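The values are calculated or read from the model by the stated rules, or taken from the named source; none is laboratory data. Model, not experiment: these values are computed from the prediction. Note: ideal-geometry Cβ built from the backbone for every residue, glycine included; neighbour counts use all protein chains shown. In case anyone asks, the SASA skips ligands and DNA or RNA and just uses the protein heavy atoms, side chains included. Shrake-Rupley method; radii C 1.70, N 1.55, O 1.52, S 1.80 Å.
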Amino acid sequence: MLKVVGLIVALSACSVAAAATELEPLGFLAGQCWKGSFPGGSRTDEHCFTWIYGGKFLRDRHTLHTPGKPDGSGETIYYWNSAAKQLEYLYIESGGGYSHGGVTVEKDSLGFPETALVENGDEQVYRSRWKRLDSTAYQVLTEFKVDGAWVPGFQVDMRRSRKPSEGER
């Protein structure tokens, strides 16, 4: 019986190590909050990333602040899909919207291929790229599909702003 328990513990440790290894391209984000301003400067987005469940998942809680309006918020969980052998995410937001997709890893960027944000029966198809600028910043470039063609959405430079608070973990 003791050998079986030891084997289960060893296999569990291997699973956590494999997940942590596969999530490593996202590791630079963890334990930090990142804030950026949209073009025009008044609207901001702040993302706070924390490891959860022993490093098996990365949580991203974000707040979209627009002066004169209630804040919007959302949460993304990044994980390794071992069956599909790829990084994936599930995003939910305070307006009731959600999306799900894959994450591609390139030399200095993370790609978020075409997917749709679904909210109230409507779909907005988008894709995004996060390019790491240095250890304190990354750039977000998002495009939207309109009438079958990709159009510019927004570009935001995210800068490391602070450590996540207890409530953001």
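Please report Rg (one decimal) and Dmax (integer) in Å for the Cα set of the stretch 98-152.
Answer for the stretch 98-152, Rg first and Dmax second: 12.7, 39 Å.
Provide, for the chain, the number of lysine pairs with alpha carbons under 22 Å apart, each pair being eight or more places apart or on different chains.
9
Against the longest alpha carbon principal axis of the chain, how many degrees, from 0 to 90 and to the nearest 10, is the axis of helix 2-23 turned?
The answer is roughly 30 degrees.
Which three lengths, in whole Å and largest first, does the stretch 75-169 cover when its Cα atoms are put on their principal axes?
So the extents along the principal axes, rounded to whole Å, are 38, 30, 27.
If I build a Gaussian network model for the chain, linking alpha-carbon pairs within less than 10 angstrom, which residue out of R43, R127, R59 has the largest mean-square fluctuation?
The residue with the greatest mean-square fluctuation here is R43.
Considering Cα pairs under 8 angstrom that are at least six residues apart, work out the relative contact order of the stretch 28-169 and quote it in whole percent.
Relative contact order of the stretch 28-169: 21 percent.
Provide the FRET efficiency to the nearest 0.05 for the K145-E166 pair, computing r from the beta carbons and using R0 = 41 Å.
Values: r = 39 Å, r/R0 = 0.95.
That pair, K145 with E166, gives E of 0.55.
With all protein chains present, how much of the accessible area of the chain (probe radius 1.4 Å) comes from carbon and sulfur, to the nearest whole percent?
Details: 5550 of 9890 Å².
Summing carbon and sulfur atoms, their accessible area is 56 percent of the total for the chain.
Once you've got the GNM for the chain with C-alpha springs shorter than 10 Å, pick whichever of K85, K131, K56 has the biggest mean-square fluctuation.
K85
Find the relative contact order for the stretch 127-169 and round it to a whole percent, using C-alpha pairs within less than 8 Å whose residues are 6+ positions apart.
On the way: 57 pairs, mean separation 13.2, N = 43.
It rounds to 31 percent for the stretch 127-169.
For a Förster distance of 25 Å, can you work out the FRET efficiency between the beta-carbons of D71 and H100, rounded to the nearest 0.05?
On the way: r = 24 Å, r/R0 = 0.94.
Given R0 = 25 Å and the Cβ-Cβ separation, E is 0.60.
Which loop GluC sites (Glu not before Pro) in the stretch 99-146, with loop taken from DSSP, have no more than 13 other Cβ atoms within 10 angstrom of their Cβ?
Working: sites: E106, E114, E119, E123, E143; in loops: E106.
Sites meeting the loop and neighbour criteria: E106.
Compute the length gained on full extension between R132 and E24: take 0.36 nm times their separation in residues and subtract their Cα-Cα distance, giving the result in nm to one decimal. It would help to have the intermediate numbers written out before the result.
On the way: separation 108, 0.36 × 108 = 38.88 nm, distance 1.39 nm.
Result for the pair: 37.5 nm of gain on full extension.
Subtract the Cα-Cα distance of Q124 and E88 from 0.36 nm times their separation in residues, and report this length gain in nm to one decimal.
On the way: separation 36, 0.36 × 36 = 12.96 nm, distance 1.88 nm.
So the extension gain works out to 11.1 nm.
Which of A84, A30, A116 ends up with the largest GNM mean-square fluctuation for the chain, with Cα atoms connected below 10 Å?
A84
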